[in-house]
Amino acid sequence: MPVKTMREAINEALHQEMARDPRVIVLGEDVSGGAGGTSGQREAAGGVFGLTKGLLPRFGEARVIDTPISEAAIIGAANGAALAGLRPVAEIMFADFVGVCFDQILNQAAKFRYMFGPNAKAPLVIRMTMGAGMGAAAQHSQTLYPLFTAIPGLKVVIPSNAYDAKGLMIAAIRDDDPVIFLEHKMLYGESCEVPDEPYALPFGEASLVRAGDDVTIVAFARMVNFARAAADELAAEGIHCDVIDPRTTSPLDEDMILESVRATGRLVVVDESPPRCSLAADVAAMVAERAFGYLKAPVRQVTAPHTPVPFATDLESLYIPSPEKIVQAARATMASR
Amino acid sequence: MQLSREQLLRAFRSMVKIREFEERLHIENPKGEIPGFLHLYAGQEAVAVGLCEQLTERDYIISTHRGHGHCIAKGCDIPAMMLEIYGRAEGLCNGKGGSMHIADVTKGMMGANGIVGGGQPIAVGAAIACKMRGDGSVAASFTGDGAANQGTVFEAMNLAVVLQVPKVFVFEMNGYSEHTGGSYSTGAKDPVQRIRGFGIPVFEADGFDFFSVHDAVRQALEVSRNGGGPTAVYAQTTRYYGHFEGDPMLYRAPGEVERLRAENDCLQNFRARVTQAGLLAVDDLDEIETQIRALVEHSVSAAKAGRGHAPAELLTNVYASY
Ligand SMILES: Cc1ncc(C[n+]2csc(CCOP(=O)(O)OP(=O)(O)O)c2C)c(N)n1
Ligand SMILES: [Mg+2]
């Protein structure tokens, strides 16, 4: 099977869905680039991270829309286009910029169907780049999925690898609800086997990345890689872990998490976001409520601290949860009883 | 208006500081010691300096992602800025902000800003404070071709007019927003007219010419400092480097930057103007360049040798109290 980066896999999903369904449009800042430039080269960017490359030459300006820097109008327009029967894939370049257009997500997209009834459909996808690790500092590094996950009416996808990213992007475009699709910038270059043909992966189905009887580790997005590395290290000392990647945080595959915790009795949740109202807290609360009797040790949360993302490399690497911290947390759960 | 010898030397010094700082970063960045994104200001010096030479520490500016030039022009300490860009603990913002978030509020420099369109409303608020103080101070914000289409900028312009606050909107049009030409994303045929439509008087300037910017700013400040409400300065300029360091600039015609550098460089224009008029000697100008090069050299070595953080520093300055 061909090996592709997450960047290539998402790009392929966009190509395939645009080819399959003429209602799919892509819009955002520099999704093509080059408009109004002096070189005459139209696709001068293809997205600042290259995710939308090749779409403009193939599908044309009517369906691949470069916008001014106007996030509220981008998402508002995507909302309206979706209500009117198109399937927009809008890009917010960095998830942090969502502050500029939050109303269109929080009060509009998320609520259309509930407020208007079942005739209203808003089948839009909002793609955003997220995550720390590039020294991009406080306004370009946040992992905001807890914010979106907390909003009823939104579906939230956070792929951890290229294979999942392609299948989940295709599912997101075909889905009839608004989907927030968060791409971790440190994963764009990571590759794995990805089939050429289109395929959709269902929302709300976690993936069991690694199986073990001692500790359940639930990790999100980039943290899945870290959890896997931690599990390797732990296995060498005889501690075997289930590593669960929920893949979507809304809906969340509670069953797989609960089933695993019932078997292991120990839970570590790894979340790159700050701890308050995080996915780590969410999963920990769910397990405390529904599998309390099975727990052999307190649940451990490995998260970023309650701070913005620092710029300096030394501080940023302290900020981001590390495989080492996951190992320590897992060991701690083994130490209780 | 004729500037004094001291004023001319100061202005040139400030422009050279920016140029040398940015040119050096362009050389240093590929070495891999600088975290994150760098958006260089080289080419646009006349705009920042044309404004800031006429501001005092009581006046405020709010910058953009392309902030180094604004910071330097407003008097931020160069070695401390360099330490910041290298992410050092002794940096101007303790290494926590970096290139895109340099600030020195003690100097009225209220931050570079990573959010396009984030600064303009903030500057309106600072202008409210200026108005309440009644000391003739102003707040200025910088807005690029791209940012000029952000809704927050429109809201800020309208609010500033409604409140009649002393706010100078500096439009700094370098022709591009990221990989897109400025003309593509602005629907209005006449963007200056669009600003006037808000009720803001606009003073147009040639951003390649320090004296033109200086003159436009002088007129704007005359209005805004004296109770006349918000004003705008609108300057065409160019940037010499990519949107960010590493940008291959596929959207720009080959040779465009080289031609602008050769034919319409704001520092060369300044040199020619003051030497031909006999206002400053070539030696005066060369001497400044030599001094600034040494300052930048020293700043880079100090930044490279700068102190890392104690782990506890990750948690400081989230709040004033908690
Ligand atoms: C809200 C927001 N949207 C998008 C961006 C990404 N971005 C950073 S700079 C930039 C272009 C800005 O162009 P302009 O205002 O002309 O300033 P210039 O870069 O030319 O100085 C864009 C799109 C951002 N930082 N913030
Ligand atoms: Mg610009």
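The values are calculated or read from the model by the stated rules, or taken from the named source; none is laboratory data. Keep in mind the model is a prediction, meaning the values are calculated, not measured. Every residue, glycine among them, receives a Cβ derived from its backbone with ideal geometry; neighbour counts consider all protein chains shown.
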Residues being crowded, with 20+ Cβ neighbours inside 10 Å, out of contact with any strand residue (DSSP E or B) (no Cβ under 6 Å at 6 or more places or on another chain) and closer than 21 Å to B:Ala220 by Cβ - total across the stretch B:73-96: 1
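Considering every residue within the stretch B:230-245, establish whether at least one is at pLDDT 95 or above and away from ligand 1 (no atom under 16 Å from the Cβ). Lay out the reasoning, then the answer.
Residues of the stretch B:230-245 that are at pLDDT 95 or above, as a first pass: B:230-245.
With away from ligand 1 (no atom under 16 Å from the Cβ) added as a condition, the list becomes B:230-231.
So far as the stretch B:230-245 goes, yes, one or more of its residues are at pLDDT 95 or above and away from ligand 1 (no atom under 16 Å from the Cβ).
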Within the stretch B:63-88, how many residues turn out to be in a helix (DSSP H, G or I), away from ligand 2 (no atom under 15 Å from the Cβ) and farther than 17 Å from B:Thr106 by Cα? 3
Checked pairs for the stretch A:69-84, first more than 24 Å from A:Val48 (Cα to Cα), second in a helix (DSSP H, G or I) and more than 10 Å from ligand 1 (Cβ to nearest atom), C-beta under 8 Å and 6 or more apart or across chains, list as A:Ala82/A:Ala109; A:Leu83/A:Phe112
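Considering only residues that are buried (at least 18 other Cβ atoms within 10 Å of the Cβ), away from chain B (no Cβ under 14 Å) and under 23 Å from B:Val318 (Cβ atoms), which ones fall in the stretch A:262-281? Step through it out loud before you land on a result.
Quick first cut of the stretch A:262-281, residues buried (at least 18 other Cβ atoms within 10 Å of the Cβ) only: A:264-274, A:278-281.
From what is left, the residues that are away from chain B (no Cβ under 14 Å) are A:264-273, A:278-281.
Answer for the stretch A:262-281, where residues must be buried (at least 18 other Cβ atoms within 10 Å of the Cβ), away from chain B (no Cβ under 14 Å) and under 23 Å from B:Val318 (Cβ atoms): A:Val269, A:Val270, A:Asp271, A:Glu272, A:Ser273, A:Ser278, A:Leu279, A:Ala280, A:Ala281.
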Unique match (being in contact with a Leu (Cβ under 9 Å, 6 or more places away or on another chain), away from ligand 2 (no atom under 16 Å from the Cβ) and modelled with pLDDT of 95 or more) among B:Phe210, B:Phe198, B:Phe203: B:Phe210
The lone condition B:Gly114 fails out of (1) assigned to a loop (DSSP other than H, G, I, E, B); (2) surrounded by fewer than 24 Cβ atoms within 10 Å (Cβ to Cβ); (3) in contact with an Asp or Glu (Cβ under 8 Å, 6 or more places away or on another chain) is (2)
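Among the listed residues A:Gly238, A:Gly153, identify the single one that is outside the structural domain of A:Leu267 (by TED's automatic domain parsing), over 15 Å from the mean Cα position of the chain (by Cα), at pLDDT 95 or above and over 23 Å from A:Pro305 (Cα atoms). I'd like the intermediate steps shown before the answer.
Working: A:Gly238 fails: outside the structural domain of A:Leu267 (by TED's automatic domain parsing).
That would be A:Gly153, the only listed residue that is outside the structural domain of A:Leu267 (by TED's automatic domain parsing), over 15 Å from the mean Cα position of the chain (by Cα), at pLDDT 95 or above and over 23 Å from A:Pro305 (Cα atoms).
Which residues, counting only those in the stretch A:102-115, are surrounded by 23 or more Cβ atoms within 10 Å (Cβ to Cβ) and either among the charged types (D, E, K, R) or within 14 Å of another protein chain (Cβ to nearest Cβ) (or both)?
Applying the first criterion (surrounded by 23 or more Cβ atoms within 10 Å (Cβ to Cβ)) to the stretch A:102-115 yields A:104-105, A:109.
If the condition is that a residue be surrounded by 23 or more Cβ atoms within 10 Å (Cβ to Cβ) and either among the charged types (D, E, K, R) or within 14 Å of another protein chain (Cβ to nearest Cβ) (or both), then A:Gln104 is the only one that fits.
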State which residue pairs qualify: first residue away from chain A (no Cβ under 12 Å) and inside the stretch B:18-40, second residue of a type in the set (Lys, Arg) and surrounded by fewer than 20 Cβ atoms within 10 Å (Cβ to Cβ) in any location, beta carbons under 8 Å apart, and separation of 6 or more residues or different chains. B:Glu20/B:Arg293
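What's the total number of residues in the stretch A:116-159 that are of a type outside the set (A, V, I, L, M) and within 14 Å of another protein chain (Cβ to nearest Cβ)? Quick ask: steps written out before the conclusion?
Taking the stretch A:116-159 first, the residues of a type outside the set (A, V, I, L, M) are A:116-119, A:121, A:123, A:127, A:129, A:131, A:133, A:135, A:139-143, A:145-146, A:148-149, A:152-153, A:155, A:159.
Subset that is within 14 Å of another protein chain (Cβ to nearest Cβ): A:129, A:131, A:133, A:135, A:139-142.
Adding up the residues that qualify gives 8.
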Out of B:Pro121, B:Pro201, I need the residue that is surrounded by fewer than 24 Cβ atoms within 10 Å (Cβ to Cβ), free of Cβ contacts under 8 Å to residues at least 40 places away in the same chain and under 19 Å from the mean Cα position of the chain (by Cα). Which one? B:Pro121
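For the stretch B:154-162, state whether one or more residues are near ligand 1 (Cβ under 9 Å from one of its atoms), within 14 Å of chain A (Cβ to nearest Cβ) and more than 16 Å from the chain's Cα centre (by Cα).
Kept after step one, since they are near ligand 1 (Cβ under 9 Å from one of its atoms), are these residues of the stretch B:154-162: none.
The answer is no; no qualifying residue exists.
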Restrict the check to the stretch B:251-274 and report whether at least one residue is outside any loop (DSSP other than H, G, I, E, B), more than 22 Å from the chain's Cα centre (by Cα), of a type in the set (A, V, I, L, M) and surrounded by 15 or more Cβ atoms within 10 Å (Cβ to Cβ). yes
